[in-house]
Protein chains: 2
Amino acid sequence: MSKKPITMDDVARLANVSKPTVSRALGGHPNVKPKTREKILAVAREHGYAVNRNAKKLREKYTNTIAVILDFSSHRRHRITDPFIFELLAGVSEALSIRKQDLLLSPPTLSDANSHRELVSGRVVDGFIFLGQGANDAMFNELVKKDVPIVVWGGNTQATKYCTVGSDNFLGGFLAGERFVQHSKKNILFVGNTEHIELRLRREGLEKALSTADYPYTLSELQGEDFSFSAHYEAMAQLLKNSPAPDAIFAYSDTAAMAIINALNEHGLEPIKDYMLVGYNDIAQASHFSPRLTTIRQDTFLAGALLVEKFMAVLNDNSPMSSTIPTDLIVRNT
Amino acid sequence: MSKKPITMDDVARLANVSKPTVSRALGGHPNVKPKTREKILAVAREHGYAVNRNAKKLREKYTNTIAVILDFSSHRRHRITDPFIFELLAGVSEALSIRKQDLLLSPPTLSDANSHRELVSGRVVDGFIFLGQGANDAMFNELVKKDVPIVVWGGNTQATKYCTVGSDNFLGGFLAGERFVQHSKKNILFVGNTEHIELRLRREGLEKALSTADYPYTLSELQGEDFSFSAHYEAMAQLLKNSPAPDAIFAYSDTAAMAIINALNEHGLEPIKDYMLVGYNDIAQASHFSPRLTTIRQDTFLAGALLVEKFMAVLNDNSPMSSTIPTDLIVRNT
DNA sequence: TAAAACAATGAAATCGATTGCAAAAATCAC
DNA sequence: GTGATTTTTGCAATCGATTTCATTGTTTTA
């Protein structure tokens, strides 16, 4: 650490060639005599030479680094509770490493478009992958207007100006609703904040399916104060005190579903027998909770791959279409 | 994105000063006339100027970027299942952002010391924070020998040559054992791989506490094939088939604990009545599982802060002592 | 008011790579 | 063996900042 690392000039001297030749040899340029290349590689390896990436990035157009932003803002002052976002992160990380791109995990920069743009004009990163759309629609549109390359995990509508990758939210909602109708559920509860595009779409899908029912039903809505377990637990407990218990629940995440089940549980209600519940995401914990959660699955590795693929397309100025990943209902014990 | 961003030279010209003056004004150097500084800042802001960080890093000694390595290697080909590691990541992320350090989330580089060192000599990062010690003790020692700044989340012994931050594993084990003895548990099961330093220490603590019992007891050990839910579920189910059920269990993580409880559950055993269980980490889910888990708490935000603090000390060549964070038993319904 | 002291600014070198262009070396054709 | 091609190689410019040192401008002091 203390002593200065060896430079390309040093390698050139040691291999009796010039700096540009070393650069070409290491960069895999075709016009280098095989024998020369070998000698250079040998010297480089022997002395543990590594290209100074800052010098390289200064000269080149791309930084090959992509900032990934978790939607911490929804979790401020709370412990991060939803493992789904991290499964997604793992998927993106994997996909980026395959493409030899570095992943800068960005702090929650207070949804400020300018500070994001500075990372790009400061050549820190080539652009952003946002894992979570939250209520930042306006900021995303602003970033696009400023020519900042972004891709967002979330839902999209006609009004969406940026590229998104997400589950087929409408279908997800529809599948849940279909299940409820099949079992003649009448008192349906939608858990989630429909200001989020994704959740609005899910609710629309849910409504579409419910509308096929040939019997009367009610549909109500519940939101937690924030995204924490306890907020949902309490909101549900409160609801059970004041209103008749729903016989079908569609929760926007498995994590929320768990909190809600706890509340139902303490209220003496049993899954299937008293209520039916569909969660969302199929996180690893979903099939190991008791009861095992019925939920909508999203393949996070595929999601990661797709997010990265779209991002690269954005970077190369082909405006890629937004797209969705397969979205399936996984029936378990709720 | 397409058009070239404005440079410091441009700002200098626009503000009618020279480049060095701009550099000093932006860098907060004292020897700049307030009026000049203001004008420069105004021009910079107006044109959305951002310092090219690669040029800056090329010139300066530090990159102000730290690589954080998740112990993906234990999860290869499996979905990431333990939220604890991510709570830890959130803690580190928070601490780094406070110090204005960038976080490079590194891909699982196959426990190869050289590839890690290249990131440092290539001036990509200043060093590493490893979240998870796994069986990489040898590699960590090698990195230290190569003067690569590292800090590791994990346990340490006399033989440990690198700086660690972790829970007080011996104490954690001791607290669990103490509880078991208080309730006169006789057939104790330790779940975890004692090749990991942390888990070895926990087991030692457990043994120490058990040795105070004034009655005979047995202590056995169980490991899953890997870190997944199902591996632990199956290992436990298998054990229950072949041996008498333990009346006390100490699991190395809450996640493993949940899988094990599921197996016990399906075997008709009930917590407290039939067995006592202590998990580890107190992840957000622990208090919302049913039954609510008794576990050993670790404060991940504090952990993050400490990891970063130690890292900075390592970077500045003061060899900081390894240290532990407060470690408490949280009693719930197991 | 001139000399000394200090504050503010600028010229030029530097960090360590990549790349366009020109020169040198190697290969080919006859 | 000579001239025409084609490969390889090297020179020098460039990317965009920071920093040392010298210089100019401004105060202070006697």
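Every number in this text was worked out from the coordinates using simple rules, so none of it is lab data. Since the model is a prediction, treat every value here as computed from it, not as a measurement. With ideal geometry, Cβ positions are generated from the backbone for all residues, glycine too; neighbour counts draw on all protein chains shown.
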Next item on the list: Determine, at each q value in 0.09, 0.12, 0.13 (inverse angstroms), the log₁₀ of I(q)/I(0) that the Debye formula gives when each Cα of segment B:89-208 is one equal point scatterer.
Entry: -0.33, -0.55, -0.62
Check: Using Cα atoms only, what is the angle between the long axis of helix B:83-98 and the major principal axis of chain B, expressed in degrees (0 to 90) to the nearest 10?
Finding: 30 degrees
Checklist line | Exposure proxy ranking, count of Cβ atoms within 10 Å, fewest first, for A:H196, B:H29 | finding: B:H29, A:H196
Note to self: Cross-link candidates for B:K241: which lysines have Cα within less than 29 Å, leaving aside residues fewer than 8 places away along the same chain?
What the structure shows: B:K185, B:K186, B:K273
Check: If exposed GluC sites (Glu not before Pro) are those in a DSSP loop with at most 12 other Cβ within 10 Å, what is the longest stretch of chain A that has none?
Finding: A:61-194
Next item on the list: Show the residues, 5+ positions off or on another chain, whose built amide H is closer than 5 Å to the amide H of A:E221.
Entry: A:F190
Note to self: Looking at chain A only, what percent of DSSP beta bridges run antiparallel? Nearest 5 please.
What the structure shows: 10 percent
Check: Placing +1 at every Lys and Arg Cβ and -1 at every Asp and Glu Cβ, with all other atoms neutral, what dipole size does the protein assembly as shown have around its Cα centre, in debye to the nearest 20?
Finding: 3600 debye
Checklist line | Estimated vicinal HN-Hα couplings, Hz - segment B:165-173 in sequence order (Karplus 6.51, -1.76, 1.60; Gly, Pro = x) | finding: 10, x, 7, 7, 4, 4, 4, x, x
Notebook entry, point to check: What's the average, rounded to a whole number, of partner chain beta-carbon atoms within 10 Å of each residue's beta-carbon in A:145-152?
Noted result: 1
Notebook entry, point to check: Based on the Cα atoms of chain A, what semi-axes does the equivalent ellipsoid have, where each is the square root of 5 times one gyration tensor eigenvalue, given in whole Å with the largest first?
Noted result: 50, 19, 18
Notebook entry, point to check: Using a cut-off of 18 Å between alpha-carbon atoms, which lysines can reach B:K35, once sequence neighbours fewer than 8 places away in the same chain are excluded?
Noted result: B:K19
Note to self: Given points 7 Å out from each Cα along the Cα-Cβ axis, report the A:S18 to B:E234 separation in nanometres with one decimal.
What the structure shows: 6.2 nm
Margin query: Can you sort B:S121, B:S184 from fewest to most other Cβ atoms within 10 Å of each residue's own Cβ?
Written below: B:S184, B:S121
Check: Against the longest principal axis of chain B, how steep is helix B:34-46, in degrees 0 to 90 to the nearest 10, with axes from Cα atoms?
Finding: 70 degrees
Next item on the list: Rounded to whole Hz and in sequence order, give me ³J(HN,Hα) for segment A:15-22 from the Karplus expression 6.51 cos²θ - 1.76 cosθ + 1.60, θ = phi - 60°, writing x for Gly and Pro.
Entry: 9, 6, 9, 9, 4, x, 5, 4
Notebook entry, point to check: Using modelled amide H (1.01 Å from N, peptide plane; none on Pro or chain starts), what sits under 5 Å from the amide H of B:I330, excluding residues fewer than 5 places away?
Noted result: B:T295, B:I296, B:R297
Margin query: Through the Karplus equation 6.51 cos²θ - 1.76 cosθ + 1.60, θ set to phi - 60°, convert the phi angles of segment A:204-217 into ³J(HN,Hα) values in whole Hz; use x for Gly and Pro.
Written below: 4, x, 4, 4, 4, 5, 4, 5, 7, 5, 9, 9, x, 8
Check: Relative to the longest principal axis of chain B, what angle (0 to 90°, nearest 10) does the C-alpha long axis of helix B:300-315 take?
Finding: 50 degrees
Check: Could you give the nm distance between label points at B:A138 and B:R292, where each point is 7 Å from its Cα heading toward the beta carbon?
Finding: 4.6 nm
Check: Alpha carbon centre of segment A:296-334 versus segment A:153-172: separation in Å?
Finding: 10 Å
Notebook entry, point to check: Quick one: Kirkwood hydrodynamic radius for the protein assembly as shown, alpha-carbon pairs, angstrom, one decimal?
Noted result: 27.3 Å
Next item on the list: Assuming 1.002 mPa s and 20 °C, estimate D for segment B:169-297 with Stokes-Einstein, Rh taken as the Kirkwood radius over Cα pairs, in µm²/s.
Entry: 150 µm²/s
Note to self: Using only alpha-carbon positions, what ratio does the radius of gyration of segment B:175-222 give when scaled by 2.2 N^0.38 Å?
What the structure shows: 1.08
Item checked: Ranking of A:I272, B:I249 by count of other Cβ atoms within 10 Å, fewest first -> A:I272, B:I249
